[in-house]
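Encoded as structure tokens, the structure appears first; notes follow it.
Values in this text are rule-based calculations from the coordinates and carry no lab data. Remember, predicted model here, so these are calculated numbers, not experimental data. Ideal geometry is used to build each Cβ from the backbone, glycine not excepted, and the neighbour counts take in all protein chains shown.
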Amino acid sequence: MKKQYQYIGLVSILVLITAVWRVLNAEFHIYHLVPVASLGLLSGSMLQDKKWAYAIPLASMFLSDIGLSLFTNTQGFYGVSQIVNYIALAMVTLLGTQLVKRNLLNIAGYSVAGSLVFFLVSNFGTYLSGYYGYSFSSLVECYAMAIPFYKSDMASTFFMNSIFADLLFSTFSFGVIYLTLLSKTSKLTFSRAK
């Protein structure tokens, strides 16, 4: 039971850190350097109870959207593309459920894959919002405009920040779990104490 409270406490701290970090990123204009997707990957990989695996990263995103609305000029809740972002985060969490063999190489690979999944799905949400119109050419334009801006000085602020953040925070969060809890089981659970 004590270990159960440790899991809940540690994950609660990670949720709060993730939410606050996302708000601070918006406030200081350090776009996409956020640990939300890596929290989804961690939850999907480590939590046996899948309702918690999905609820934790989604709760973090929801809390940060509230924080963005209350404390910044960035809109926290912004329509259909935001709903798709939540779906993208759930898909990254689903990807995390496949991460069973947790070593540095696998965590890095899944982190990059999670970034790509989030990029592809979330930008489809931008297309669905109608910003570029609703044709095949507008879909192509939407993704072309979302490509990491390799030709400009913005290369460090969008897609590359997402990949860097997911690699950094996944390594950090999996490392924290390993070092602090030293779990002998392959998955953590949030089942009710009997």
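Amide H to amide H, with H built 1.01 Å from N, Gln48 comes under 5 Å of Leu188, Thr189, Phe190, counting only residues 5 or more places away or on other chains. Among the chymotrypsin sites (Phe, Trp or Tyr not before Pro) within the stretch 36-87, those in coil by DSSP and having at most 16 neighbouring Cβ atoms inside 10 Å are Phe77, Tyr78.
Compute the relative contact order of the stretch 7-181 as a whole-number percentage, counting only Cα pairs closer than 8 Å that sit 6 or more residues apart in sequence. Walk me through the numbers on the way to the answer.
Working: 250 pairs, mean separation 47.9, N = 175.
This gives 27 percent for the stretch 7-181.
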